[in-house]
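Notes to accompany the following structure.
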Amino acid sequence: MKYRNDIRNIAIIAHVDHGKTTLVDAMLKQSKVFRDNQVVGELIMDSNALEREKGITIMAKNTAVLYKGVKINIIDTPGHADFSGEVERVISMADGCLLLVDSIEGPMPQTKFVLRQAMAKGLKSIVVINKIDRDNSRIAEVIRLTQDLFLELATSADQLDFQLLYASAREGIAVTELGMKGKDIFPLLDCILEKVPPPQIKSGPSQMLVSNLDYDSHKGRIAIGRIWRGRIAPRDSVAVISSDGTVTHYEIGEVFTYLGLKRLKVEAAEAGDIVAVTGLEKVSIGDTIASLDLLEALPRIEIGEPTIEMTFGVNTSPFSGREGRFCTTRQLRARLYKELETNLSLRVQDTDSPDTFLVKGRGELHLAVLIETMRREGYEFEVSRPEAITKIVNGNLVEPMEALTIDTKGKYVGVLTEMLSKRQAQLTDMRNDGHDNIRLEFHIPTKGLIGFRSAFLTATRGDSIMNTIFLGYEPWRGEIVTTRGSVLVALEQGIAVTYGLNNAQERGDTFIEPGTPVYEGMIVGMHTRLQDIPVNVCKEKKKTNIRSSTSDIAVKLTPPVIFSLEQAIDFINNDELVEVTPENIRLRKKLLTHAQRLRNISNSRQNTDLPP
Ligand SMILES: Nc1nc2c(ncn2[C@@H]2O[C@H](COP(=O)(O)OP(=O)(O)OP(=O)(O)O)[C@@H](O)[C@H]2O)c(=O)[nH]1
Ligand SMILES: [Mg+2]
């Protein structure tokens, strides 16, 4: 077996926010891949607009730096559990991983998930204790917990042997011994050269596994992945072997390798390198690109199953078609199915209704990011409340379970445990660090987590952190009685005015400003009682001359509660929908008229009265 000593392939993995993308910044900047006067900013790899807004990585991405004559191909991955499919998708490109662990938080649920992935692929681990600049870091404890994690997950003795480094990604320094004064990131790069095995190469007919796709309006589809055998060059005749074994012949267009944020066009690339190639019109992620001389497929990428589902439908509100560019069933369907090409943990299914599609994902954020992306592209549609995906195993109904970790203060423990017990959660661990920092761990059905995040943030006033991770399927524990109050529903179509909203505020909190167009059945507020209340927010005060919809000097309204998209999805019940357009997020009842809803209630009562 031969090795390529001029290359290292590493994946950077960690729990969310432990500093992966910031560490990549430091490696890129200090290895001088930018011009001296080039303005590059921070979190350079989080290039997509939503990533920048949310401050999290959503998609795994490739880059590379040159250090001491060796090219280090770097794969930055997302740490949020909802995007763990991305880690599964790209991890096989690497030979080693940098496992980052926050010097205060220590190993978190997703640290365990990604380390397990890395070990399953046989990657060599380098542990980087990050954020050592933080004041109350507890490095010794974090190292001990990390060692425990390795002990728990390792399947062979050599996996226990990991290199340990300390870093402040933000300051761009890494050191090999605690207490050393760091000045740059090079000790980490040296460690990568020394500890991560160079890629093994096989000579022979070419073979490459496609791990990512990109598009270019001129070049068309671009396949990204690692070459495992042989070499690939422009104008090579190759075959693409797809999931069902179908073989399609193509001629390679161009071949690129990575350096910094650029792709460099090359004359040829050899096994061990990560490349991007054009000219393959119908290639998918997981396909093998193989020489015509040896049609041998590499093992396909395995992706965990989705846990929650919701429907995406054509917008059926009275305002449909007003704000979106793409509003038809055909456009919605095409867009959703196209998403499957790159969003590997997503599933899309047609339903009995031609205008509605069932979309399955890894969590609420996974689906919310898709919804937000589509709405920015000009799509208009409606979505239902997310539901946990249940299945029948050996004749029994089972449901997804998750581990929930909460870092909070003593004063919130009571209210949190009460909220969670209504959601069928079981407390499995509770630890106090002696400074009133409390970590609670629960087992909770996925269905109990739906809508929990916003309630959690309100209850703890944004002062606590929650994390979840999928555990597996367990027997169905029965329905959860909804804990949400009811809503204020607009009675008629028109423009909301201050007077009408003021009346509504006597019943509860409102969601809209005066001047907002509303329709019958639109949800305009919430209250704590059991039944929905119809309100006429368009009703004007009769006896004065002031008829302006936006100003009514006499009354001062409480500012409306404005939901983000995620909060809106979290909030709705089964008989409600979120209407999503490029300009607005509206909440509505599925049945728009009061009469329809009353009839529905009495029908369902009658049904439950029937003998089984
Ligand atoms: N004090 C301190 N803060 C850091 C350090 N490294 C990263 N951060 C901060 O931690 C936050 C998260 O950093 P990111 O680099 O986005 O973390 P990430 O691991 O890429 O996050 P995801 O990709 O969303 O999982 C940012 O606010 C960083 O500025 C560090 O060494 N010290
Ligand atoms: Mg990141």
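A few comments on the model shown:
- In nm, spacing of pseudo-spin labels at Q531 and R330 (7 Å Cα→C-beta vector): 4.6
- The protection proxy used here, the mean number of other Cβ atoms lying within 10 Å of each residue, ranks peptides 90-97, 105-112 as follows, highest first: 90-97, 105-112.
- In this simple spin-label approximation, L598 and M430 carry label points 7 Å from Cα along the Cα→Cβ vector, and these lie 4.8 nm apart.
- Each eigenvalue of the Cα gyration tensor of segment 365-456, multiplied by 5 and square-rooted, gives one semi-axis; in descending order these are 30, 21, 10 Å.
- The residue list Y473, A504, A455 was ranked by how far each Cα lies along the charge dipole of segment 450-504 toward its positive end, using unit charges on Cβ atoms, and A455 comes out on top.
- Distance distribution note for segment 431-510: the fraction of Cα pairs above 15 angstrom is 74%.
- Mean-position separation - Cα centroids, segment 445-520 and segment 77-108, in angstrom: 32
- Cβ crowding within 10 Å averaged over residues, with 490-498, 525-533 ranked highest first: 490-498, 525-533
- The three principal axes of the Cα atoms in segment 246-392 give end-to-end lengths of 57, 41, 30 Å, sorted in falling order.
- Point-charge dipole on Cβ atoms (K/R +1, D/E -1) for the chain, about Cα centre, debye to 20: 840
- Long-range Cα-Cα pairs in segment 89-161 (distance over 18 Å), rounded percent: 36
- Calculated FRET value between L565 and T246, using beta carbons and R₀ = 25 Å, to 0.05: 0.05
- Segment 32-101 has equivalent-ellipsoid semi-axes of 22, 19, 9 Å, by the square roots of 5 times the alpha carbon gyration tensor eigenvalues, sorted largest first.
- Of the three principal axes defined by the Cα atoms of segment 120-262, the extents in descending order read 57, 36, 25 Å.
- Directionally averaged projected area (segment 1-69, Cα convex hull): 6.1 nm².
- Counting only Cα atoms, the size of segment 246-315 along its three principal axes is 49, 33, 24 Å, in decreasing order.
- Degrees, to the nearest 10: 364-376 long Cα axis against longest axis of the chain: 80
- Across segment 1-75, C-alpha contacts under 8 Å between residues 6 or more apart give a mean separation that, scaled by the residue count, equals a relative contact order of 43 percent.
- Sequence of H249, H594 from largest to smallest accessible area, 1.4 Å probe: H249, H594
- Backbone N within segment 50-90 under 17 Å of label point (7 Å from E339 Cα along the Cβ vector): 50-51, 58-60, 82-86
- Taking the longest Cα principal axis of the chain as reference, the axis of helix 186-195 is set at about 70 degrees.
- Heavy-atom accessible area per residue - segment 458-543, 1.4 Å, Å²: 52
- Computed on the chain, with alpha-carbon pairs under 8 angstrom and 6+ residues apart, the relative contact order is 10 percent.
- Packing-based order for 577-583, 75-81, using average beta carbon neighbours within 10 Å, highest first: 75-81, 577-583
- Residue-span extension gain [R347 to R300] - 0.36 nm each, minus C-alpha spacing: 15.2 nm
- Between segment 206-235 and segment 330-380, the alpha-carbon centres lie 26 Å apart.
- Segment 309-429: relative contact order as a whole-number percent, Cα under 8 Å and 6+ apart: 30
- In this rough spin-label picture, where each label sits 7 Å from Cα along the Cβ direction, the K391-K181 distance is 5.8 nm.
- Charge dipole of segment 77-133 about the Cα centre (unit charges at C-beta), most positive-ward option of Q110, M93, V128: M93
- For segment 1-66, applying the loop criterion from DSSP together with a ceiling of 10 other beta carbons within 10 Å to the trypsin sites (Lys or Arg not before Pro) yields R35.
- Helix 594-609 axis, angle to the chain major axis (alpha carbon atoms, nearest 10°): 80
- Reciprocal of mean inverse Cα separation for segment 469-527 (Kirkwood radius, Å): 13.7
- Projected over all directions and averaged, the alpha-carbon convex hull of segment 303-361 occupies 4.5 nm².
- Area of I585 that stays accessible when all protein chains are in place (1.4 Å probe, Å², to 10): 50
- About the Cα centre, charge dipole magnitude for segment 356-433 (Lys/Arg +1, Asp/Glu -1 at Cβ), debye: 140
- Solvent accessible area, Å² - L457, 1.4 Å probe, full protein context: 80
- Diffusion coefficient (Stokes-Einstein, Kirkwood radius over C-alpha pairs, 4 °C, 1.567 mPa s) for segment 166-249: 77 µm²/s, rounded to a whole number.
- Loop sites in segment 1-70: GluC sites (Glu not before Pro), DSSP, at most 15 other Cβ within 10 Å: E42
- Taken about its Cα centre, segment 272-334 carries a charge dipole of about 620 debye when Lys and Arg each add +1 at the Cβ and Asp and Glu each add -1 at the Cβ.
- Taken over the chain, the ratio of Cα radius of gyration to 2.2 N^0.38 Å equals 1.07.
The values are calculated or read from the model by the stated rules, or taken from the named source; none is laboratory data. Computed from a prediction, not measured in an experiment: that's the story for all the values here. Counting neighbours? That spans all protein chains shown, and the Cβs are built from the backbone with ideal geometry, glycine included. Quick note on the areas: whole protein, heavy atoms, side chains included, nothing else; ligands and nucleic acids left out. Shrake-Rupley method; radii C 1.70, N 1.55, O 1.52, S 1.80 Å.
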